[in-house]
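Here the structure is laid out as structure tokens; the discussion comes afterwards.
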Amino acid sequence: MTDHALERVRAAKAAGQPVVGILCEFTPRELILAAGGVPVCLCGGAHAMIAPAEVDLPANLCPLIKSTYGYHLTRSNPFLEMCDLVVAETTCDGKKKMYELMGETRPMHVLQLPSRSDEVSRTLWRHEVRRLHAALQERFARPISEADLRAAIITMETERAARRDLAGLMRGERTPLTGRQVLELRSLASGDPADLAEYQRINAAPPEPRHSGVRVLLTGVPVPHGAEKVVDLIEGHGGLIVAHEHCSGLKPLEIRIDAQAADPLTAIADAYLHLPCSVMTRNDGRLDLIRRLAGDFRAQCVVELVWQACLTYDVEAVRVKRLCADLGLPYLRIGTDYAPGDTARIAVRLEALFEQVQAA
Ligand code: SF4
Ligand code: SF4
């Protein structure tokens, strides 16, 4: 899907369509689509980009931030190089400070994301979403009508529903896909009718169910393209990831927006503010989501992935561990980065987890 997305974004760019980079699931892709743009995900998953990034950034920083920044410095992410604008938001400290550096040489719009979803925060976030709406209209010299917004909501709702159905193929005793394949069925560029047709084709006629293993719910940090180290270790040592709860999986697919809402812009803002990310406080919605998905997908254990120096997910891991104890599910936290040096150690811990599940 990455090659296809690249082809599509190149064609869109050549046809004069704006390309807008996004770095987090809090960015409403609906606004970019309504502005006639193509939203592309820029999160770096390549280990090779860490060393170039460390010229500016501290070594003890999340690899996702460093890899994204390494691509920026070396100008080697073709999607980023095509961007007419990058939209970012104030999520974790590392990201927002990195954006200051990236914004020195690239057109960038930063949304101020509040860390709560109360009345005051909602007012601020609605204002920020309106500010992005205005910025896109101004930059691309094109008004965004209410009809454009409603059409974009329908596009994203259809895409999210198709991807939820794809994820749902993992509910059975045996599954037609591996967790790695589900992860790969996700385009870096949203709103492409060809991608949607492909999702719907697989949903209508999935492959024969033939995969089995210890059923794992994977939670924690996002797994960007190229950073599937732990996913592969889980599935290479007897596990089968039946539910990706994290941001590269089901979490953002839980967003639901009513295209007929009286004020579509407000509906978009309100829906996104409830994304259960660890940068929010309190983030009880994530625990509810894990509880629901664990039951729905009949998970036998929970693996939590925490990228090095990701403080928000790391601290919240305590609450996830307690939840798993309540649910009677074995739990394993894996703290790592993109380097391959610790794979043998992680494999041993995963094997011990899976033995524990099988012995129960
Ligand atoms: S985990 Fe949080 S900060 Fe990271 S992409 Fe998801 S919503 Fe954004
Ligand atoms: S994984 Fe954690 S530290 Fe890294 S970008 Fe996401 S929230 Fe920030």
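Read-outs throughout are calculated quantities, based only on the coordinates presented, and are distinct from any laboratory measurement. As the structure is a prediction and not an experimental result, all values here were calculated from the model. Virtual Cβ from ideal backbone geometry, glycine too; neighbours counted across all protein chains shown.
When DSSP assigns beta bridges and you keep just the ones with both residues in the chain, what percent turn out antiparallel, to the nearest 5?
5 percent
Can you run the Rg to Rh ratio on segment 2-146? Use alpha carbon positions and the Kirkwood inverse-distance Rh.
Computed over Cα atoms, the ratio is 0.98.
Per-residue HN-Hα couplings for segment 31-46, Karplus 6.51 cos²θ - 1.76 cosθ + 1.60 at θ = phi - 60°, whole Hz, x for Gly and Pro?
Result, ordered by residue: 5, 5, 4, 5, 7, x, x, 10, x, 10, 7, 10, 5, x, x, 9 Hz.
How do V19, V221, V318 line up, fewest other C-beta atoms within 10 Å first?
The order, fewest Cβ neighbours first, is V318, V19, V221.
Most exposed first by the Cβ proxy, i.e. fewest other Cβ within 10 Å, how do L311, L350 rank?
L311, L350
Count charges around D148 for me, please; just the other residues with Cβ under 10 Å from its Cβ, Lys/Arg as +1, Asp/Glu as -1.
Net local charge, D148 excluded: 0.
Among S145, S121, S187, whose mean-square fluctuation peaks in a Gaussian network model of the chain (Cα, cutoff 10 Å)?
It is S145.
Run the quick spin-label model on A347 and E81: label points 7 Å from Cα toward the beta carbon, then report their separation in nm to one decimal.
Placing both labels 7 Å beyond Cα along the Cβ direction yields 3.6 nm.
Report, ordered by chain and residue number, the lysines lying within cross-link reach of K251, taken as a straight Cα distance under 22 Å and ignoring same-chain residues fewer than 8 apart.
Reachable lysines: K95, K96, K229, K321.
Assuming R0 = 30 Å, what is the FRET efficiency of D258 and A339, from their Cβ-Cβ distance, to the nearest 0.05?
Once the sixth-power term is evaluated, E becomes 0.10.
Under the 0.36 nm per residue contour assumption, what length would be gained going from the current alpha-carbon distance of L124 and T2 to full extension?
Between L124 and T2, full extension yields 40.4 nm more.
Among T91, T123, T175, which comes first, then next, by fewest other beta-carbon atoms within 10 Å?
T123, T91, T175
Within segment 219-250, list the residues whose amide N lies under 19 Å from a label point set 7 Å along Cα→Cβ of L327.
219-223, 231, 234-235, 239-250
Could you check the simple spin-label distance between Q356 and E173, using points 7 Å along Cα→Cβ, in nm with one decimal?
2.7 nm
Need one number for the chain: average projected area of the convex hull over its C-alpha atoms, nm².
With every direction weighted equally, the projected area is 17.2 nm².
For segment 104-181, which trypsin sites (Lys or Arg not before Pro) are in a loop by DSSP, counting at most 15 other Cβ atoms within 10 Å?
Taking segment 104-181 and a limit of 15 other Cβ atoms within 10 Å, the loop trypsin sites (Lys or Arg not before Pro) found are R116, R174.
Quick check: net charge around M108, other residues with Cβ under 14 Å of its Cβ, Lys/Arg +1 and Asp/Glu -1? Mind showing how you got there, number by number?
Values: positive: K95, K96, K97, R106, R131, R139; negative: D84, E89, E100, E104.
Surrounding charge for M108 is +2.
Could you work out how much longer the chain between T158 and A194 gets when fully extended? Use 0.36 nm per residue separation minus the Cα distance between them, nm to one decimal.
Between T158 and A194, full extension yields 11.7 nm more.
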